[in-house]
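Just below is one structure, and these are the notes that go with it.
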2 protein chains.
Amino acid sequence: MVRGVLVVPLGLLVWFCCGSMDAVHGGKVLVMPVDGSHWLSMKILVEELSRRGHEMVVLVPETSILIRGSDTYTTQTFHVPYTADELNSNLDKLKEGVFQKPELSDVVVNVERLLNFTTMQVKGCEGLLYDEPLMKQLREKGFDILLTDPFLPCGSIIADAFSLPAIYFLRGIPCGLDLDAAQCPSPPSFVPRFFTDNTDVMNFPQRVKNMLMTGVEIYLCKKLFASFDELTKRYLQKDMTYKELIGNGAIWLMRYDFTFEYPRPLMPNMVQIGGINCAKRKAIPTDLEEFVNGSGDAGFVIFTLGSMVSQMPEAKARVFFEAFRQIPQRVLWRYTGPVPENAPKNVKVMKWLPQNDLLAHPKARAFITHGGTHGIYEGICHGVPMLMIPLFGDQGDNVQRMVSRGVAESLRFYDVTTESLLAALNKVINEKSYKEKMTKLSKIHNDRPIEPLDLAVFWTEFVMKHKGAEHLRPAAHELNWIQYHSLDVIGFLVLILVTIILVTVKSCMFCFRKCMRKTSKKKKE
Amino acid sequence: MVRGVLVVPLGLLVWFCCGSMDAVHGGKVLVMPVDGSHWLSMKILVEELSRRGHEMVVLVPETSILIRGSDTYTTQTFHVPYTADELNSNLDKLKEGVFQKPELSDVVVNVERLLNFTTMQVKGCEGLLYDEPLMKQLREKGFDILLTDPFLPCGSIIADAFSLPAIYFLRGIPCGLDLDAAQCPSPPSFVPRFFTDNTDVMNFPQRVKNMLMTGVEIYLCKKLFASFDELTKRYLQKDMTYKELIGNGAIWLMRYDFTFEYPRPLMPNMVQIGGINCAKRKAIPTDLEEFVNGSGDAGFVIFTLGSMVSQMPEAKARVFFEAFRQIPQRVLWRYTGPVPENAPKNVKVMKWLPQNDLLAHPKARAFITHGGTHGIYEGICHGVPMLMIPLFGDQGDNVQRMVSRGVAESLRFYDVTTESLLAALNKVINEKSYKEKMTKLSKIHNDRPIEPLDLAVFWTEFVMKHKGAEHLRPAAHELNWIQYHSLDVIGFLVLILVTIILVTVKSCMFCFRKCMRKTSKKKKE
C-alpha cells in the first residue's frame, strides 16, 4: 500500500494509499433510514459522507425514536398518521413476551409481532409518499443516489419513483428476502435458516428441518411482505413485487462478515461491512474510567440488553443483582428499572453507557448482551467473550453463531437463575478457551485490507460517480424461477431423450416383429 | 481513508490508510508456478512479496520457457524427464492448427491439445515429487505457505504433502473445475460455459446449448483431469480426486473482475485481482517514444498475438502488411517472421514489445490481440479499443466477452483478408462508440478501493499470519453432490407426502366403502 514518500500533502495521500480511488465531492444523497438500532450504524456512514463533502438529507418521521437532527446532515421531517404514543404502544407489543418462555413456535410469534410493527411503518411511509408538496420538493433537489435500509419499503419505492440508484445498508431482511432479491444462491444444505438453531454443519434431520423452514418462510413471508408488495404496486403503478423492486439496488452494504456469519455464496454487488460500528472508539468519561479501573485485576463486566430494552421484571432484576454480588468483577449495567436498596456495591446502574468504548477497555472481561449484531460486533472487535441472553427477532440465531464458535455462552431469559447466571458468567470469564477463541476471532475480524467505513464510503461514491453499478448486476434478474433453475431446459432435454428412446424401442420392436414374421413365414414355407 | 493528519512518518501512514493491516515480515513462501504466460502475472506478486521482506523460493523445471532467475527471489531447479526440444515440440502441437479453420468442434480439439500438454507437465511434476533429496530439503526449509496456479497439479500436491496452506493464483481451470472445487454455484441459466459463444443473457436454445455443454464438460474433464487424479491418489496415498485436493486451498486469487467476466456468484475465499498485471507502467524506450510520437494525431496501433505466437504463415503476414499500409496510424507489431521487402514504412516489427507501457501511451488508438487475459486487462486498464483474433484455449470466450460489451471487434484468423482487417480496424479506431465504451469500462475497472496487487499481498500475508483462512471455508465441502442439492431431503419429504396421501386416500376409500355397504344393506333391508 505504501509507495515511498514520507511527507505528503493531503491530496497525494489519497492517491498514495489507494491509487485510483479518486474522491467525489458535492454529491447529493437522500437517506431513508429505518428507525431504532438500524439507524445507529447507518448514521456512522451518513456522518462520514457528510464529512467528505456530500450533502446528506435524512428523512425522519415526526414520531422518530432514535433519529435526531445533527450539524453534519440535514433532516427532513414528514408527517405520519399515528402519534408517538401509538408508536410506543406498538413497539411495546413488539417487545411483548420477550421475557416469557416462548409458546409452541418462536417463528409464528416473531412474524406476528413483526407484522404489527411493519404494518404501522408502511402507514408511516404512505404519510411521506402521498405528501405531494414534500415529494415534489425532494424530487426537485436532484439527488444523485438514495441510501436506505430495505428492511422497510419506503426508501426503495422513492428510489424507483425518483429514478435514483439505491445503496442498501442492512443486516438482512426476514426470510432471506435480501438474498433472494440479490439473486444470491443460498442452498439449504449448508446455509442455516433463521429460527432453526442449525449451524452450517447439519446432519440429515437438521437438513430436513432447514428445508421445511425454507418452505415455512415462503408462506410466512408472503404474509409479512404483503403490505410492501401492495404499496409498491399501488404507488409505483407497476406490476412488481417488493422483492423485484429491491432487486434493482446497485450495492448491498451487508453489516456482517464471516467471523460472525457462516461462509456462503455472495453476489458481486454485496459488500461486507461488518464491524462498521466499532472501528472507532473514544476514551470513556472520567467517572467511568475511575469505576472500571477500581476493579483491579478482576476487571469488569458490561451488561446491556440493547437500545430497545432497558428494564425487566423486578424479580428477575434481583436475580441479576444477586449473581453480580457474588463475582469479583465490577459490573456496568444499562438499566432504568428500580434498584433494590441492598444492591451490591460492585454494580453501577446507568441509563445509557458507552458500550463500544467500554468493550475496548483492557479491563473488560465479559459482555452480557441480548445478541443484537451491533453489540456482537463490538464484542468481536475488542475481543470480549460474551454471555448472551437473546430476546427476540434474529437474536436467537445471532447468539447461536457466537456460541458455536466457542466465544460465548447463552442463557434463556425466562429460566435465568442466580446459579445459572453465575455459572455461565464464571465460565466465560475464567475458562481460558473463551478469551483465547475470541481473541483469535477478533484478530481475524480486524485484519482486513480496508476499513468497513471506508469500503462503505467507496461504494457509495462509486455509485454516485458511475450512476449505478450495472457491471455487477447478474443477468439472473431477467430469469423467472423455472428458468433460473433450468427446469424448462431439463424438461425439454428429458422429453427429447424419452422420445428418442421410445422411437428407438418402437423401431426395434417393429423390425424385430418383421424379422420374426419373415422367419415364421420361411419356416411355414 | 484519510483521517486528517497531513505530515506523517511511514509507520503511521500504514495505519493511517488501512487501520488494521499490519505487515508481516520474514515469511517463507514456496512458489510452484505454471510456466508460460501464467507466470508473467504471478511473477508480479512474487516480486512484490519479496520486496516486502518475504523469502520467496520458486520451483523451476530445468526446461523452463519463461521462468528465469532474479535478484528478488530464489529459484530451485528440478529435473524433468523430457528435453527442452521435446517440450517445444509438444508446445508446437498445442499451437498446431491455431491458424486453420477449426474442424467440427473446437471443444474436442482444444481438450485434446491441452491433454497432450498437461500429460507432459504431469510427468515433469513427477520429476520433482519423486526427487526425494530435493523434496526433503524443501520440506526442511519450513515454509509458511505455498503459492501456486492450480491449472497444473504439482503445487497443490506439495502443499498437501507439506501440510502448507495454499494460495491459488489463476485465471481459471478448464471445465470450471476451480468453481466446482471452491463450491461456488455456477447456474447454467446465466453463467455461460466455455466454447459456447453464449453471453450471460441467453434465449432458450442458448440455454439448452449451455446445459449440454455442462454435460460435455463433465465427460471431457474426466478425461482431462484423469492424470491429475491418478497422481494425487498415488503420491499422497489418499483416496482423493484432484478437485477435492484443490478444494482445500485457503484463498483463490482470481485474475479477473466484472469489467471482463459476467457477474455471477462468488465464494468468500475468492478474491478478484483482475488487472494486477497492468496497474504499474514504465516509460517506453526513447526509440519507441520517437516512433509513436511521429504518428501525429492519427496515433498508433499495437499488434501482438501473445507470448506463445510470434509468427504466422507468410501469405497471412502479407495480408496484415497490406492492410497496415492503408491506414494513417503507425503500427508496432511483435513479429519474428520474415518481413517482405516492400513492407510499409508505418509498420515497426519487433521481437518483443513493452505492451502494457505502449497501451498506456496517450496516442495508442487500437490493440490487435489474440485475446489472452493479460492483454485484455492491459487494454481495459488503459482504455484502448481492441481488434481481437482468438487463436486457442479460452481466447474465443474472452474475445466474446469484450465484443459483447461493444469495446472490441473480432475476426477469425483463418478468414482474415486485407479488406476485412481494414474494415474492422477502421471501425474500432474511427467509430466513437468503441473508445467511449472502453473509456467507461476502463474507469470502472480502475475505480477500486484497493489495488489488485495490494489485495493479493494482503491475502497472502493474511494466510501466513493466521495459518489459513478457515473462517472463509464453506461447510459445503463436507457434503456430497446429492446432499449439496438436498436431493436426499427432497426425496425423503416426497416419500412422506406420498405416504400421507396414500394412507389418507386408502382410509377415505375404506370408510367410503364401509358407508356404502351399510347404506346398501339398509336399502336391501
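The values are calculated or read from the model by the stated rules, or taken from the named source; none is laboratory data. All values reported here derive from a predicted model rather than from experimental measurement. Here the Cβ is made from the backbone with ideal geometry for all residues, glycine too, and neighbour counts use every protein chain on show. These accessible areas exclude ligands, DNA and RNA; they are computed on the full protein's heavy atoms, side chains included. Shrake-Rupley method; radii C 1.70, N 1.55, O 1.52, S 1.80 Å.
Taking the 0 to 90 degree range and rounding to the nearest ten, how far is the long axis of helix A:226-236 tilted relative to the main principal axis of chain A, both from C-alpha atoms?
Approximately 80 degrees, to the nearest 10.
Put simply, what bits of the range B:445-464 lose 40 Å² or more of accessible area when the other protein chains are there, versus the chain on its own (1.4 Å probe)?
B:Asp447, B:Pro449, B:Ile450, B:Glu451, B:Asp454, B:Phe458
What fraction of the DSSP beta bridges in the protein assembly as shown is antiparallel, stated in percent and rounded to the nearest 5?
0 percent
Relative contact order (percent) for chain A, with alpha-carbon contacts under 8 angstrom and 6 or more residues of separation?
Computed over chain A, the figure is 13 percent.
Sorted from shortest, what are the nm distances separating the label point of B:Glu419 from equivalent points in the other copies, each placed 7 Å from Cα along Cα to C-beta?
Listed shortest first, these distances are 9.7 nm.
Which order do the peptides B:446-458, B:414-426 take when ranked by the mean count of other beta-carbon atoms within 10 Å per residue, highest first?
Per-residue Cβ counts within 10 Å, averaged per peptide and sorted highest first, yield B:446-458, B:414-426.
Relative to a virtual label point 7 Å from the Cα of A:Phe99 in the Cα→beta-carbon direction, which members of the range A:356-396 show backbone nitrogen distances below 16 Å?
Those under the cut-off are A:370, A:389-392.
How well do other chains shield peptide A:154-163, expressed as the mean number of their Cβ atoms within 10 Å of each residue Cβ?
Mean shielding by partner chains, rounded to a whole number: 0.
Counting residues in the protein assembly as shown as N, plug N into 2.2 N^0.38 Å and put the Cα Rg over that result.
The protein assembly as shown yields a ratio of 1.06.
Output, in nm with one decimal and in ascending order, the distances from the A:Phe510 label point to the matching label points of the other copies (7 Å from Cα along Cα-to-Cβ).
Relative to the other copies, A:Phe510 has label-point distances of 4.9 nm.
Could you order peptides B:211-221, B:508-518, B:77-87 by the average number of other Cβ atoms within 10 Å of their residues, highest first?
Output ranking for B:211-221, B:508-518, B:77-87: B:211-221, B:77-87, B:508-518.
Just counting partner chain Cβ atoms within 10 Å, what average do the residues of peptide B:483-491 show around their Cβ?
Mean partner shielding for this stretch: 5.
On average, how much accessible surface per residue is there in the range A:286-446, in Å², for a 1.4 Å probe, leaving out ligands, DNA and RNA?
Heavy-atom SASA per residue in the range A:286-446 reads 39 Å².
For peptide A:255-263, how many partner chain Cβ atoms fall within 10 Å of a residue's Cβ, on average?
The shielding value for this peptide is 4.
What accessible area, summed over both chains, is buried at the A-B interface (1.4 Å probe, Å², nearest 100)?
6100 Å²
For the protein assembly as shown, give the percent of accessible area contributed by carbon and sulfur heavy atoms, probe 1.4 Å, rounded to a whole number.
Ligands and nucleic acids excluded, carbon and sulfur reach 57 percent.
Along Cα-to-Cβ, 7 Å out, sits the label point; list in nm, shortest first, how far the one on A:Gly69 is from those in the other copies.
In ascending order, 7.5 nm.
At q = 0.24, 0.29 Å⁻¹, what log₁₀ I(q)/I(0) does the range B:107-167 have when each alpha carbon counts as one equal point scatterer in the Debye sum?
-0.99, -1.22
Return, ordered by residue number, the residues of the range B:323-350 whose backbone nitrogen is under 15 Å from a label point located 7 Å along Cα→Cβ of B:Glu290.
B:348
Using +1 at the C-beta of Lys and Arg and -1 at the C-beta of Asp and Glu, which of A:Pro452, B:Thr417, A:Leu212 has the Cα lying farthest in the positive direction of the dipole of the protein assembly as shown?
Going by the Cα projections, it comes out as A:Leu212.
Points 7 angstrom from Cα along the Cβ direction at A:Thr77 and B:Arg139: gap in nanometres?
7.5 nm
At 1.4 Å probe size, with no ligands or nucleic acids counted, give the accessible surface of B:Trp459 in Å², nearest ten.
Around 40 Å² of this residue is reachable by solvent.
Could you rank the peptides A:244-257, A:63-76 by their average count of other C-beta atoms within 10 Å per residue, with the highest value first?
Top of the packing list down: A:244-257, A:63-76.
Calculate the FRET efficiency for A:Lys465 and B:Leu236 from the Cβ-Cβ distance with a Förster distance of 56 Å, rounded to the nearest 0.05.
Here the calculated transfer efficiency is 0.70.
Per the Kirkwood definition applied to all pairs of different Cα atoms, how many angstroms is the hydrodynamic radius of chain A?
25.9 Å
Taking the full set of protein chains and a 1.4 angstrom probe, give the accessible area of A:Glu290 in square angstrom, rounded to the nearest 10.
130 Å²
If you put +1 on each Lys and Arg Cβ and -1 on each Asp and Glu Cβ, how big is the dipole of the range A:286-446 around its Cα centre, in Debye rounded to 20?
300 debye
Quick check: the angle from helix B:204-224's long axis to the longest principal axis of chain B, C-alpha only, nearest 10 degrees?
That works out to roughly 80 degrees.
What angle, in degrees between 0 and 90 and rounded to the nearest 10, separates the Cα long axis of helix A:487-524 from the longest principal axis of the Cα atoms of chain A?
Once rounded, the angle reads 30 degrees.
Once label points are set 7 Å from the Cα along Cα→Cβ at both B:Glu86 and A:Ile490, what is their separation, rounded to one decimal in nm?
Output for this residue pair reads 4.7 nm.
Spin-label point model (7 Å from Cα, Cβ direction): what's the A:Val109 to B:Cys515 distance in nm?
Rounded to a tenth, the inter-label distance reads 4.0 nm.
For the range A:286-446, I need the span (max minus min coordinate) of the C-alpha atoms along each principal axis, in Å, sorted largest to smallest.
44, 34, 26
In deg cm²/dmol, rounded to 500, what helix-only [θ] at 222 nm does chain A give when every DSSP H run of at least 4 residues adds -39500 (n - 2.57) and the total is split over its residues?
Value at 222 nm, helices only, nearest 500: -15000 deg cm²/dmol.
Mind checking which lysines have their Cα closer than 22 Å to the Cα of A:Lys282? Skip sequence neighbours fewer than 8 apart in that chain.
Within the straight-line limit of under 22 Å, A:Lys282 reaches these lysines: A:Lys43, A:Lys348, A:Lys351, A:Lys363, A:Lys443.
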